[in-house]
Amino acid sequence: MVDIASKLVTRRRFLRGATATTGALVASTYVKPGMHALGLPAAYALVSAPTTSDGPVLDTATLEYWASSENIDAEGTNLWDMTSDEEWTAAGGIGTNPYIHSTMFNSFFTSYTPFGLLTMLELANNGVSGYDDEVVQAAVKAARNLVAAYLNASFYGSGPDGYPLSVEELQQMWEDAVQANEQGAFDALNCQLGNANNGLPLDAPC
């Protein structure tokens, strides 16, 4: 078993409007995090930044952190690969992981017929190249970010000191988009969740 507690690479935390006095990342103003923009190796770009008195730290992690099976730095993938994953707890997650890699997306969230029997990890790692319908393509993008968003809300909790959306809100947002079944609805959801997963305001332009 991987000793998550002993690793430098944990989960991604973004400092907004604050200057870090200790830690691996130092920022005087908030910028959208990115491996290349930070000028750091991928591993160091995932190191936690500390809280300061000048501003809050937003707890969140990207889709790539939670679900990229091809990214060696995607340590978050290890935190939800089994029921009641010990590595989830060791990394500081609240409670237990809500689902595992093999959980079928449609068995957990409001069912969307084109997804069939896709699992959480399959969908999170799936591109849109296999879908010709633009509405379904938009749904795939939104669902991918939803998988990560739900893990974020479960791991960090929601509210001022956690993820900006609760698990209940995420369930409802997906249900609303499925009921609308329009590209615009899925695009709007994808935009909001992508922003949240990247430490940006929900209404930031996409």
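Every read-out reported here was derived from the displayed coordinates using simple, explicitly stated rules and does not represent laboratory data. As the structure is a computational prediction, the values presented were derived from the model and not from experiment. Here the Cβ positions follow ideal geometry from the backbone for every residue, glycine too, while neighbour counts run over all protein chains shown.
Quick notes
- Sequence-separation-based contact order of region 62-197, relative, with Cα cut under 8 Å and 6+ spacing, percent: 23
- Label point at E134 placed 7 Å out along Cα→Cβ; residues across region 168-184 whose backbone nitrogen lies under 11 Å: 183-184
- Förster radius 22 Å - calculated FRET efficiency between E169 and F108 (Cβ-Cβ, nearest 0.05): 0.90
- Amide H contacts of T119 (H built 1.01 Å from N, under 5 Å, at least 5 apart or other chain): F105
- The calculated FRET efficiency for the pair I100 and L202, based on their C-beta separation and a Förster distance of 22 Å, comes to about 0.20.
- Residues D161 and A90, FRET efficiency given R0 of 22 Å [Cβ-Cβ distance, rounded to 0.05]: 0.60
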